[in-house]
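Report on the following structure.
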Amino acid sequence: MANYRNGQTPEDEQLPPFGKKLHDAFMAYVKQEMARTNHVPAQADFVAWLGLTTPVYSDLKLGRREPTDRVLDILAEHLGPEVYDWADKPRRMPKDKDLRYLADNWRSFSKRFRTEVRKLAEKELHESETPKEDEDENLKPAAVQ
């Protein structure tokens, strides 16, 4: 088993840029799960959490496959919109209905309201060191083959 505690394995040094970003995301996941459960998760746990199959994840990480828009959408639900940047693709709107509603109506809200929403979001992010578990089960993607 690879020693993930130090954040690097020899094969990780030769990963393509997208693969390195996936590895960094995995290491962040390991750190988060260790803090939460005091257990070192396996890469398979991370892959399942992402909603991918192991072959798809491995192909993406090793650069044998370019991420499709669908795969990027699934990754973005868990890792954030920067996954589009990793693939040099334009960011897409997530399927989250609340976020889509806010984005669709953003310009209709007053500047004061938009500022308050941003401040609330910043406060929420800074108050918690570990991300909260998603309460919306609709966001859990099916495994991608």
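Reported count of residues in segment 62-77, each being in contact with a Leu (Cβ under 9 Å, 6 or more places away or on another chain) and at pLDDT 90 or above, is 7.
Of the candidates R70, R64, R36, the single residue that is within 16 Å of the chain's Cα centre (by Cα) and surrounded by fewer than 15 Cβ atoms within 10 Å (Cβ to Cβ) is R70.
Residue-wise test of (1) at pLDDT below 95; (2) closer than 15 Å to A25 by Cα; (3) touching a strand residue (DSSP E or B) at 6+ places or on another chain (Cβ under 6 Å); (4) exposed (fewer than 13 other Cβ atoms within 10 Å of the Cβ).
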| residue | (1), (2), (3), (4) |
| --- | --- |
| A48 | no, yes, no, no |
| P81 | yes, yes, no, no |
| P90 | yes, no, no, yes |
| D96 | yes, no, no, no |
| R118 | yes, no, no, yes |
| A121 | yes, no, no, yes |
| K140 | yes, no, no, yes |
| A143 | yes, no, no, no |
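Considering segment 98-116, and only residues there that are surrounded by fewer than 11 Cβ atoms within 10 Å (Cβ to Cβ) and of a type in the set (D, E, K, R), the residue that is nearest to the chain's Cα centre (by Cα) turns out to be D98.
The values are calculated or read from the model by the stated rules, or taken from the named source; none is laboratory data. These figures come from a predicted structure and were not determined experimentally. As a convention, Cβ positions derive from the backbone with ideal geometry for all residues, glycine included, and neighbour counts pool all protein chains shown.
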